[in-house]
Every structure is written in C-alpha cells, then in structure tokens.
Amino acid sequence: MRIILFGPPGSGKGTQGDLIASRFGYPKISTGDLLRRAVQERSALGIKAEALMNKGKLVSDDIVERLVRERIAAPDARHGYLLDGFPRNLTQALGLEAMDGGRAELAIEIDVDSRVLIERMRNRMTCRSCGAIVNLNLEKPRIEGRCDSCNGELYQRLDDRPEVIAERFRVYKEETGKIRDYYKTKSVYRRVDGSGSVEQVFARISEILDRENAGREADR
C-alpha cells in the first residue's frame, strides 16, 4: 500500500511519518530528504535542483518526480511506502498515478487549526547539526540555544518566521484543496484531527491504518 501523508506547515507530519514507518514497516520517503541527498551526492538531478534553490526558485515538478520515481523503485519499497511532502500539487498527484498507478493507496491529511499552527511555528527551532526540531512551548533545551541530542546550534528557519508563515499557509490552502478533491473522488482520502499530543494524533492515524489493513485482509 502507498500512504500519502499531508498537512499544513507545522502539523507534525514528519514526526507522524516516522512513527508510521516504525510501526507499520513502510519506508518513509521524504522529498526534502531526497533533494538534500541528491545535492550532497552531486548527482545530475542534485546539481540541477541546487542551481534552482540557490536562485530562490522552487525545484521543478519534473526533478522531484524523477527523484521519487527512482526511490520507489528500490527493493524496500516493493511492498509499499509512505510519502511525506509529495505530491504537493495536482500535477504531482497525477504524475504519481502515472508512475505507480496500480498500487492501493490511502491519502491522510493531518488537519490543525491555523491559529494553533502559527503559534507552533513561531516557537519552533531546528538544530543545524542533526536537524532535530524543538518547540519551545512544549520543551526547553537543557542548555539555551543548544540541541539536547547533539549540542548543535538551534536556529529558527527562514520559513518559520512570522512574516513567511502567512504565505506558506496561503500556498498550502491553494494547492492542497485540489489534491484533497482528487483523492476524495478516488475514495481514498481520510482526515485526521491533528490537535493534541503526538501520541494522540498517532493513535488516530493508527486506527485508520489498522481498519484499512483489516479490510484488505478480509477481502483476500
């Protein structure tokens, strides 16, 4: 099965993706991770992506789709996978259908009130060394400005600053409405209440996946 996990900025889909991968055994495929790896490895696609990012431009759908196509062809994705950050728009959703259309899928949206998300993101810090994310509202680092895991420097990402958050939400709402409608027409869309603790949200997602898996077993 293919799980498509999406939600607005700050909804915690990265954390939930890790938990899903751990419990259900699906490899987590993050387009952000794929892009970073391609740039670090200096692959042909990575060089193209880096040139666009250095100019402040979005990486093209073509480059992202090619990276995803290569990744889902790997042996560990043969029996299913989890997508985090892809598709981001209807063009990518249709591209995914074209590259792996015969696979059963489930699109799960983590829905959180925008006011809650803005507060989360305003207080979110990221470690420069290991990439760990800390929400200062929920947990204070043992040493101010330092990551508890590796002692790396904590900083606020440019896209977590208040002046950028409103634009990120606008783009998300504009693009995701089309994706949501697309998966609704396929009857594979599921909404999850993203409020509450990480554990509470994961329990809601797990309930959906357990039910879907039980239904597939019954149909066999």
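Being assigned to a helix (DSSP H, G or I), under 19 Å from the mean Cα position of the chain (by Cα) and farther than 27 Å from Arg216 by Cβ is a description that applies to Arg36. Right, Ala218: modelled with pLDDT under 90, assigned to a helix (DSSP H, G or I) and either open to solvent by 70 Å² or more (accessible area, probe 1.4 Å) or within 26 Å of Ile133 (Cα to Cα) (or both) or not? Yes, satisfied. On the basis of being surrounded by fewer than 16 Cβ atoms within 10 Å (Cβ to Cβ), part of a helix (DSSP H, G or I) and acidic (Asp, Glu), does Glu119 make the cut? For Glu119, the condition - surrounded by fewer than 16 Cβ atoms within 10 Å (Cβ to Cβ), part of a helix (DSSP H, G or I) and acidic (Asp, Glu) - is met.
Residue-wise test of (1) in contact with a strand residue (DSSP E or B) (Cβ under 8 Å, 6 or more places away or on another chain); (2) touching a residue at least 40 places away in the same chain (Cβ under 8 Å).
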| site | (1), (2) |
| --- | --- |
| Lys55 | no, no |
| Arg69 | no, no |
| Ala73 | no, no |
| Glu97 | no, no |
| Ala107 | yes, yes |
| Arg128 | yes, no |
| Gly131 | no, no |
| Glu153 | yes, no |
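When Leu67, Leu19, Leu83, Leu34 are checked against the criterion of being open to solvent by 30 Å² or more (accessible area, probe 1.4 Å) and hydrophobic (A, V, I, L, M, F, W, C), a single residue qualifies: Leu19.
The values are calculated or read from the model by the stated rules, or taken from the named source; none is laboratory data. Source: prediction; values computed, not measured. With ideal geometry, Cβ positions are generated from the backbone for all residues, glycine too; neighbour counts draw on all protein chains shown. Calculation scope for accessible area: heavy atoms of the full protein, side chains included, ligands and nucleic acids excluded. Shrake-Rupley method; radii C 1.70, N 1.55, O 1.52, S 1.80 Å.
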